[in-house]
Structure formats: C-alpha cells, structure tokens
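Okay, structure first, notes after.
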Amino acid sequence: MGRKTRIHGLPFRAFCVRHPSHTLTVAETGLGIENATRVFLRMLHAGRFDAVISLGYCGALSRDASVGDLIWASKIRLIEGERVETLSLPDNRKLLEMLSLRLPIRAGTFLTLKGWMKKQELVRFVAPDMTLPVCEMETFGLAQLSLHHGLPFFAVRAVSDGVDVDLAFNPWEVCDNAGTYRLTRALRLFLTRPRLLAHALALRRSSKIASHNLARAATALLQVL
C-alpha cells in the first residue's frame, strides 16, 4: 500500500503509510474482541480518523465460501455464550458494488465470537437464511466503537479455513495475553502435541492464499473510497 513508518511508543505494532490518496494508520489489534477494542481506543486517543477499515481472516460456516474467498461485512452478530447481539451497519451496497467490479467479493454475516468456539458449537447460531456466515473474533467490537464515534466502518475478511476444517487447538495457545502470535508458544505446543504440526502447516498454506487475496482487497478498497 506504500512505504510504512513504524509508530513508536505504543504497546502494539502500528505503522503510518503514505498512500497516493490517503494517509493510513495501520495497527495490529491482536486476537480477540477485548484486544481489538483496547487497541482501537488507544488509536482514537492518539489521533483523528475519517474512517475505519478492519481486515483479517475468518472461518467459513457454509459450503458457499471456500479458502481465499473475500467476505464483506453486511451484518454482524456477537456470540457470547448463549447470548446473541446483532449490530446494524449502514447500507454500503453501492461501495460493495464498486469494489466487486475490481475483484470477487460478496456480502456476508460475521459472527464475532467473544470466546473461541469450535464450528460444531456454532451450528445452532447459523440460521438457514443467513447470507454467507463466517466466524471471527474482533469485528463486532470495532464496528460498535466506530459507530459510537460516528466513523464510517468497513470490514473485509478472507476465508482461511473452509466449513469442514476446524482448528484442532485453541488459538490462544499460540498467542500472548495481547493476542499476538508467539513462535515460542507455537513451538512449545507442537513439541508437546506433535500430531498438530501437519494440521498447522495446512492452515499456514490456506492462510497464505487468504493473505494474498486480502492484500488485493485492501488495495481495491482504498481505490474506491
């Protein structure tokens, strides 16, 4: 997206990127809704922004989505235990149509998990008429804060695992308290449970496909905003 400059003095990784048409502040939120909202509130305290873009991975909850597919958040629901909260987003269909002229992308329903859950546990939260449901762990909190502060909010996720693939381990096992991936934790996990290594390598391959498409989506979105 352009040359980046590290922003120092923050307890998380953040960069300033000078794009031809925008000045971007990019922050890594870490895993989980609490970490994402904490980072976002810190960024809001540090500066003023015109819009918020959330980018990341998601897991497919229907056979209509495959690895690498790009999903645009049209509806967001928070899953916290047995409680479900729905957040209504402004109608951005025109922007989605402009974006879809540049690359394949579809509107879907984001299920934000307050705590990690296996897909088989999520089945009861997926309604038959739900459009392209996917699961992730950050978007609801970011969208809620953006709307509260009157900021336009856009979220795009790339599918990193299909509906038939579930994580064989809790993702928090390879992250620190800030939700940041740590190689030392991953190595410790795989040394104690070596059967997980092949599973992790397969996830890495699918995540690489998702990352490539997510980068394309970010570039296209900046061009149409």
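Some observations on this one:
- You will find that of Ala168, Ala200, Ala178, the residue that is of a type outside the set (Ser, Thr, Tyr), assigned to a helix (DSSP H, G or I), touching a helix residue (DSSP H, G or I) at 6+ places or on another chain (Cβ under 7 Å) and more than 22 Å from Asp64 (Cα to Cα) is Ala200 and no other.
- Against the numbered list (1) closer than 30 Å to Met43 by Cα; (2) part of a helix (DSSP H, G or I); (3) not aromatic (Phe, Trp, Tyr), Val159 comes up short only at (2).
- Complete set of residues in the range 3-54 that are surrounded by 14 or more Cβ atoms within 10 Å (Cβ to Cβ), farther than 18 Å from Ala178 by Cβ and in contact with a Lys or Arg (Cβ under 9 Å, 6 or more places away or on another chain): Cys16, Val17, Leu24
- Test: residue in the range 202-220 that is charged (D, E, K, R) and over 18 Å from the mean Cα position of the chain (by Cα): no
- Within the range 110-125, being surrounded by 15 or more Cβ atoms within 10 Å (Cβ to Cβ) and either over 14 Å from Tyr57 (Cα atoms) or at pLDDT below 95 (or both) holds for Lys114, Trp116, Met117, Lys119, Leu122, Phe125.
- Leu132 crowded, with 16+ Cβ neighbours inside 10 Å, at pLDDT 95 or above, more than 20 Å from Gly150 (Cα to Cα) and in contact with a strand residue (DSSP E or B) (Cβ under 7 Å, 6 or more places away or on another chain): yes
Every residue, every condition in (1) over 16 Å from the mean Cα position of the chain (by Cα); (2) within 22 Å of Ala107 (Cβ to Cβ); (3) free of Cβ contacts under 8 Å to residues at least 40 places away in the same chain, yes or no:
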{"residue": "Lys4", "(1), (2), (3)": "yes, no, yes"}
{"residue": "Ile7", "(1), (2), (3)": "yes, no, yes"}
{"residue": "Gly30", "(1), (2), (3)": "no, no, no"}
{"residue": "Thr37", "(1), (2), (3)": "no, no, no"}
{"residue": "Val52", "(1), (2), (3)": "no, yes, no"}
{"residue": "Tyr57", "(1), (2), (3)": "no, yes, no"}
{"residue": "Ala65", "(1), (2), (3)": "no, yes, no"}
{"residue": "Ile71", "(1), (2), (3)": "no, yes, no"}
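- Residue match in the range 101-117 (condition: closer than 28 Å to Met43 by Cβ, among the β-branched types (Val, Ile, Thr) and in contact with a Cys (Cβ under 7 Å, 6 or more places away or on another chain)): no
- Out of Leu187, Leu145, one residue alone is of a type in the set (A, V, I, L, M), in contact with a helix residue (DSSP H, G or I) (Cβ under 8 Å, 6 or more places away or on another chain) and assigned to a helix (DSSP H, G or I). It is Leu145.
The values are calculated or read from the model by the stated rules, or taken from the named source; none is laboratory data. For clarity, every value in this text was computed on a predicted model and none was experimentally measured. Reconstructed Cβ throughout: ideal geometry from the backbone, glycine too, with neighbour counts over all protein chains shown.
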